[in-house]
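Novice: Handing you this structure, nothing more for now.
The values are calculated or read from the model by the stated rules, or taken from the named source; none is laboratory data. This is a predicted model, so every value here is computed, not measured. Every residue, glycine as well, gets a Cβ built from its backbone with ideal geometry; the counts of neighbours run over all protein chains shown. Note: accessible area is taken over every heavy atom of the protein model, side chains too, but ligands, DNA and RNA are not part of it. Shrake-Rupley method; radii C 1.70, N 1.55, O 1.52, S 1.80 Å.
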Amino acid sequence: MKLASLKSGRDGHLVVVSRDLESYVDASKIAPTMQAALDDWSRARPMLEVLSNDLNAGDVTGKPFDASACASPLPRAYQWADGSAYVNHVELVRKARGAEMPESFWTDPLMYQGGSDSFFGPCDDIVMGDEAWGIDFEGEVAVITDDVAQGASAAEVGEHIQLLMLVNDVSLRNLIPGELGKGFGFFQAKPSSAFSPVAVTPDELGQAWDGKRLHLPLTCTMNDEKVGAPDAGVDMTFDFPQLVAHAAKTRPLGAGSIVGSGTISNVDRSKGSACLAEVRMLETIADGAPKTDFMKFGDRIRMEMLGADGQSIFGAIDQKVRRG
């Protein structure tokens with residue numbers, strides 16, 4: 001099934017969306033918000049599935065679905081932990097600045113804890129104060145879990161992955177070096193992220209989801225020009241159960257925790273890139289300096305993932321950068 005949160009208050013209004021993303025029905029009698037549904041998932045999920053089946057079968061009449069009316073599926077979350085599962089991408093970053101990559105990066109996931117008290121809606125403007133901050137997009141996949149016990153293994157956490165969605169993990173590249181130089185991690189360099197209009201249950205993905213990775217390309221288009229369409233299932237060094245287990249090693253994860261893949265990146269450079277930083281890295285490696293600018297006010301980024309049938313799975317993240 002496909003779920004969305006229409007903009008309403010802080011936590012949105014839960015709706016069930018049709019498979020073709022054309023219509024929706026109110027789900028508030030089952031759970032008023034996405035978080036409420038996840039808090040009581042064993043009860044809510046079967047009831048939401050019945051409603052989804054009725055909508056897709058035409059047994060109930062839905063209203064027209066408009067992605068621009070959506071908040072992110074979880075407009076705010078108790079936990080947003082973002083990995084860097086495509087180690088090829090990390091290797092490129094370090095290579096571009098002439099730095100060796102520790103061998104441990106191939107065996108121990110990188111992860112940071114992002115701000116989760118507010119997310120951009122999928123069609124909201126990316127409001128930033130200064131172009132000089134180095135505004136970038138990052139195309140990713142994320143999962144939402146139910147309750148995960150502290151210390152749960154990768155073999156155990158797979159059953160706790162309940163929903164998947166797309167992410168634009170907005171990054172301010174020119175603020176990153178100063179923050180990391182302090183030795184205390186990201187903060188100002190990682191503003192609000194945006195997530196796709198809908199979150200989907202794994203069964204909606206068919207053979208593209210193997211329980212660990214999502215094997216489909218994510219197309220990123222800036223100002224109507226394709227930046228890349230790397231395949232999310234290729235070159236993913238750490239799969240989602242490994243990332244979730246890593247996040248839960250020393251703490252339990254509450255229902256509604258979001259765990260991201262990090263920027264999707266393929267070794268096959270013909271697939272393009274899912275962020276401007278990688279484009280600039282490849283330019284630096286090839287030519288000694290980057291040619292591509294980071295995003296400017298007025299620039300537009302669109303991210304979308306299509307299924308084998310050519311239909312949009314999650315709806316599109318479609319945002320413009322605006323001065324705030």
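Novice: Cross-link candidates for LYS95: which aspartates and glutamates have Cα within less than 16 Å, leaving aside residues fewer than 8 places away along the same chain?
Specialist: Partners found: GLU103, GLU278, GLU283, ASP287.
Novice: Got the relative contact order for region 1-160 handy, in percent, Cα pairs under 8 Å and 6 or more residues apart? Write down the numbers at each step before the final one.
Specialist: Working: 199 pairs, mean separation 32.7, N = 160.
Once divided by the residue count of region 1-160, the mean separation gives 20 percent.
Novice: Enumerate by residue number the chymotrypsin sites (Phe, Trp or Tyr not before Pro) in region 158-206 meeting two conditions: DSSP loop (anything except H, G, I, E, B), and at most 12 other Cβ atoms within 10 Å of the site's Cβ. Mind showing how you got there, number by number?
Specialist: On the way: sites: PHE184, PHE186, PHE187, PHE195; in loops: PHE184, PHE186, PHE187.
Within region 158-206, the qualifying chymotrypsin sites (Phe, Trp or Tyr not before Pro) (loop, at most 12 other Cβ atoms within 10 Å) are PHE184.
Novice: At a 1.4 Å probe, what is the % contribution of carbon and sulfur to the accessible area of region 1-78?
Specialist: Numbers: 1820 of 3760 Å².
Carbon with sulfur: 49 percent of the solvent-accessible area.
Novice: Setting aside same-chain residues fewer than 8 positions from LYS320, which lysines have a Cα under 29 Å from its Cα?
Specialist: Hits, sequence-local ones excluded: LYS2, LYS7, LYS63, LYS190, LYS226, LYS271, LYS291, LYS296.
Novice: Going through region 71-141, which trypsin sites (Lys or Arg not before Pro) have at most 16 other Cβ atoms within 10 Å and a DSSP loop state?
Specialist: Passing both the DSSP loop test and the Cβ count: ARG97.
Novice: Taking all pairs of different Cα atoms in region 224-324, averaging 1/r and flipping that mean, what Kirkwood radius in angstroms comes out?
Specialist: The answer is 16.3 Å.
Novice: Here is a follow-up. Give the lysines whose C-alpha is closer than 21 Å to that of LYS249, dropping any in the same chain fewer than 8 places away, or say none.
Specialist: The reachable lysines, counting only those whose Cα sits under 21 Å from LYS249, are LYS212.
Novice: Give me the percent of DSSP beta bridges within the chain that run antiparallel, rounded to the nearest 5.
Specialist: If we restrict to bridges inside the chain, about 90 percent are antiparallel.
Novice: Using helices alone, what [θ] at 222 nm do you get for the chain, with -39,500 (n - 2.57) per DSSP H run of 4 or more residues, divided over all residues and rounded to the nearest 500? Let's see the in-between values first.
Specialist: Values: 7 runs with 63 residues, N = 324.
So the calculated ellipticity at 222 nm is -5500 deg cm²/dmol.
Novice: Identify the GluC sites (Glu not before Pro) of region 27-101 meeting these criteria: DSSP loop state and at most 14 other C-beta atoms within 10 Å of the C-beta.
Specialist: Working: sites: GLU49, GLU91, GLU100; in loops: GLU100.
Loop-located and lightly packed - GLU100.
Novice: Let me ask you something else. What does the C-alpha gyration tensor say about the overall shape of region 182-268? Classify as rounded when a/c is under 1.5, otherwise prolate if a/b is larger than b/c, or oblate. Walk me through the numbers before you get to the answer.
Specialist: Values: a/c = 1.59, a/b = 1.14, b/c = 1.40.
The shape class here is oblate.
Novice: At 0.36 nm per residue, and after removing the present C-alpha to C-alpha distance, how many nm does the segment from ARG323 to ALA308 gain when stretched out fully?
Specialist: On the way: separation 15, 0.36 × 15 = 5.40 nm, distance 3.79 nm.
Result: 1.6 nm gained on full extension.
Novice: Using the crude model of +1 on Lys and Arg Cβ and -1 on Asp and Glu Cβ, and no other charge, please compute the dipole size for region 1-135 relative to its Cα centre, in debye to 20. The partial results should precede the final answer.
Specialist: Values: 12 positive and 20 negative charges, 40 e Å.
Approximately 200 debye in magnitude.
Novice: Label-point separation (nm) for THR107 and ASN174, each offset 7 Å from Cα along Cα-to-Cβ?
Specialist: 4.0 nm
Novice: Roll a 1.4 Å probe over the protein chains and send me the accessible area per residue for the chain in Å².
Specialist: On the way: 14010 Å² over 324 residues.
For the chain, the per-residue accessible area is 43 Å².
Novice: How far is helix 41-57 tilted, in degrees, relative to the longest principal axis of the Cα atoms in the chain, given as a value from 0 to 90 rounded to the nearest 10?
Specialist: Helix 41-57 and the main axis of the chain meet at about 80 degrees.
Novice: Using the alpha-carbon centroid of each, what span in Å lies between region 268-324 and region 4-21?
Specialist: Their Cα centres are 26 Å away from one another.
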